[in-house]
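Notes for the one structure printed next.
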There are 2 protein chains.
Amino acid sequence: MKNFIYNTPTRVYFGKGQEDNLGNILKEYGIKKVLFHYGKGSIKKNGLYDKVINQLNASKIDFVELGGVEPNPKLSLVLKGVKIAKKEKVDLILAVGGGSVLDSAKSIAVGAKVDFSPWLFSIGEKKPIDHLPVASILTIAASGSDMSNSCVITNDETWEKRGFTSECNRCLFSILNPELTYSVSPYQTACGTTDIMMHTLERYFSDINESSPLTDNIALGLLKAVVDAGKVVMEDPKNYDARATLLWANSLSHNTLTGLGRDYVMSVHQLEHELSGMFDNVSHGAGLAVLWPAWAKLSFKASPERFLRYSYEVMGITKTNNSEADILAGIAKTKEYFKSIGMPTTLAELGVYEDSFEKLADNAMFHGKRVLKDIVTVDYDMALKIYKEAK
Amino acid sequence: MKNFIYNTPTRVYFGKGQEDNLGNILKEYGIKKVLFHYGKGSIKKNGLYDKVINQLNASKIDFVELGGVEPNPKLSLVLKGVKIAKKEKVDLILAVGGGSVLDSAKSIAVGAKVDFSPWLFSIGEKKPIDHLPVASILTIAASGSDMSNSCVITNDETWEKRGFTSECNRCLFSILNPELTYSVSPYQTACGTTDIMMHTLERYFSDINESSPLTDNIALGLLKAVVDAGKVVMEDPKNYDARATLLWANSLSHNTLTGLGRDYVMSVHQLEHELSGMFDNVSHGAGLAVLWPAWAKLSFKASPERFLRYSYEVMGITKTNNSEADILAGIAKTKEYFKSIGMPTTLAELGVYEDSFEKLADNAMFHGKRVLKDIVTVDYDMALKIYKEAK
């Protein structure tokens, strides 16, 4: 088991009606002025926008607003947010929405403390040492951004999508009310479910020479709970306990808990970032659903025991005498599962064809500047193979 | 699923050699003077005491010392610590040792901020609102006190043992090096393993009308990992990964993670506190090992489905057509497991006989002032039944 630091300072307020405590929570933290950051207006339709404004007014907390965050949040809006945060001297960024709003807020939060573009953090040229606190009211179970240390931004000049990790990216607090996710569309719910699974899958299938049994048991238990809940919400979108399971799994799956004791590189995430970075219509979760089975088929031989456990304990494959067949059945069943909840299973379904694969692979390797040391090393050739397998 | 607040601010430094960063970590937090609190000298024998002193000196952090914490930590020493902490104006209590040292440190930490005895917190007459920060270097996997919000103290005038929970009881940081637990005796290792299991068992078998599947999967996965690792360390006390599993499970099992979404009362813990409070030779873990199977036999009918999952998934019982037999087999196997790692299975083995049961039951019910609303309500009669079943 590798050494680790476990740092999850985000205080989580989980359950029905927790957003009605927003004002009190902010006051408890001594917050006087916030930048209220949100997306393209769905919170205005469902009443959450008004609730937040009422909470802020009732608690006499001053605020400025910045809406308009898009999926794959853009650097241009981040820079606008940084300008506002500095000018208005806000002392917290309040992100109300999904993972994109949160990532945009995190980038603003580190950008507000420096006199250069926070894109330099995204591309690893600078490391943040300070940040404004970020708080969230999450409206979709997916990215786990509310407890994670990561932040992914798309540069809308170069169309590069880059993530960076830093303890500065941890939220101060997160309000998670499963009922706020009832109205998420079936497609976005499925994308989110896939993303949650993938945060743990990519940790579980990594650093395979280390032994970390407690982490593994938690990882497999989380995956099983997510698979089960994902099925339920497709049939019954207002099932509280299933929505709650997905929302809590969203946070736990990406706060590091499910990978402690191992290193991980998240190759499939890296390959997907290029996809949804280059093709703005591609949802992150949908891209992952297409790429993971392809990655798994090309990598399982490096770690048959772990793939077997996954097949049996998460995918419910019945044990036979043929381990390889059992593993392939587990991968196939994962693909079927994704299909059953409405995810694509080929890149073609996403409108991405073979003529883009070389550029995608080259981008994913930062134009020859990196390889991903996963259980099977992902270099340019392997990346190309994976995109082709997923075509 | 019930609403919850998840608050785990303790930063955990896990792995080999982490104690060698103590000075840097304290400096990072701006700490200038600490009260170095420890037990009856085992850290002097194994060199940890010298390491800590060297770290403090090398980092120019001023300190005062208070050793002498006993198992079932005593109020009299806490009061001494409070006096020192106030007089010396320390800004952190550094607990180096096991759960007893930590609980003593936590009581000092809240006591240092008030002008009355912190025993009033223990008996619920006052609620703490402020505290000195507490940090720990843990030397035994057991109580989970390093991430928990609980603190248990024994009043050595009245011989009452009382626990209270408060977010003030959360440590600032915790250093967990599995190698520091290699020298823990087999008996104390087994007591610790039992205590870790019990923190999750008592959460899992509670509030049975709520559904919290992610929590349940994590709970069962943790229990399985602990049972497996507990066996390994009995054979091979220097098995790093097994010691690491127990040490990390120690923290996760009692930081609330394994019970989120349900309420819990921890009846067996309450019944055990009276036991080790009244009989100073009784280790908490040993008391729990004796009492839990008795409690389970008298309670399982209220929640057969959950007991069945435990039998199959943790205890590895093979499914038959007779559910009740499967449940009883799971409870019997738990008892066997405890016995196999060296735990007692009867109160008589602990030197506690039938003539004490009425007093124990009366104490546990706070002399008629409370009942425990567990899956089967534990009132005086039920408490007495449990002690008798365990005789």
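The values are calculated or read from the model by the stated rules, or taken from the named source; none is laboratory data. The shown structure was predicted, so the numbers you read here are calculated from the model rather than taken from an experiment. All Cβ positions, even for glycine, are placed from backbone atoms using ideal geometry, and neighbour counts span all protein chains on display.
Just a few scattered comments:
- Some residue of segment B:124-135 being part of a loop (DSSP other than H, G, I, E, B) and either under 13 Å from B:Arg162 (Cα atoms) or in the same structural domain as B:Met266 (by TED's automatic domain parsing) (or both): yes
- Failed criterion for A:Gly261 (all others in (1) assigned to a helix (DSSP H, G or I); (2) among the small types (Gly, Ala, Ser); (3) within 10 Å of another protein chain (Cβ to nearest Cβ) hold): (1)
- Verdict on A:Ser117 being crowded, with 24+ Cβ neighbours inside 10 Å and hydroxyl-bearing (Ser, Thr, Tyr): no
- Some residue of segment B:288-300 being free of Cβ contacts under 8 Å to residues at least 60 places away in the same chain and of a type in the set (A, V, I, L, M, F, W, C): yes
- For the condition within 14 Å of chain A (Cβ to nearest Cβ) and free of Cβ contacts under 8 Å to residues at least 40 places away in the same chain, B:Asn217 qualifies.
- Of the residues in segment B:156-172, none is among the β-branched types (Val, Ile, Thr) and buried (at least 24 other Cβ atoms within 10 Å of the Cβ).
- When residues in segment B:336-354 are screened for being buried (at least 19 other Cβ atoms within 10 Å of the Cβ) and not in a loop (DSSP other than H, G, I, E, B), 3 of them pass.
- Sole residue being of a type in the set (Ser, Thr, Tyr) and in the same structural domain as B:Phe357 (by TED's automatic domain parsing), chosen from B:Ser166, B:Ser251: B:Ser251
- Hits in segment A:38-47 (condition: in a helix (DSSP H, G or I) and more than 22 Å from the chain's Cα centre (by Cα)): A:Lys44, A:Lys45
- B:Glu157 meets the conditions (1) among the charged types (D, E, K, R); (2) at pLDDT 95 or above; (3) part of a loop (DSSP other than H, G, I, E, B) in every case but one. The failed one is (2).
- Considering B:Leu35, B:Leu94, B:Leu102, B:Leu56, the condition of being assigned to a helix (DSSP H, G or I) and within 25 Å of the chain's Cα centre (by Cα) is satisfied by B:Leu102 alone.
- B:Ser253, sole failed condition from (1) out of contact with any Lys or Arg (no Cβ under 7 Å at 6 or more places or on another chain); (2) facing chain A (nearest Cβ under 7 Å): (2)
- Segment A:3-24, residues that are within 15 Å of B:Ser251 (Cβ to Cβ) and among the β-branched types (Val, Ile, Thr): A:Ile5, A:Thr8
- The residues in segment A:189-216 that are charged (D, E, K, R) and under 27 Å from B:Val314 (Cβ atoms) can be counted, and the count is 4.
- Across segment A:117-127, not a single residue is classified as small (Gly, Ala, Ser) and under 23 Å from A:Lys51 (Cα atoms).
- Among the residues of segment A:230-257, those identified as assigned to a helix (DSSP H, G or I) and within 14 Å of the chain's Cα centre (by Cα) are A:Leu246, A:Leu247, A:Trp248, A:Ala249, A:Asn250, A:Ser251, A:Leu252.
- Scanning segment B:1-29 for residues that are without any contact (Cβ under 8 Å) to a residue 40 or more places away in the chain and either surrounded by fewer than 18 Cβ atoms within 10 Å (Cβ to Cβ) or within 14 Å of another protein chain (Cβ to nearest Cβ) (or both) returns B:Asn3, B:Ile5, B:Asp20, B:Asn24, B:Lys27, B:Glu28.
- Hey, A:Glu157 acidic (Asp, Glu), within 23 Å of A:Gly277 (Cβ to Cβ) and touching a residue at least 24 places away in the same chain (Cβ under 8 Å) or not: yes
- The conditions of being within 12 Å of chain A (Cβ to nearest Cβ) and either touching a Leu at 6+ places or on another chain (Cβ under 9 Å) or over 23 Å from A:Asp216 (Cα atoms) (or both) are met by B:Val226.
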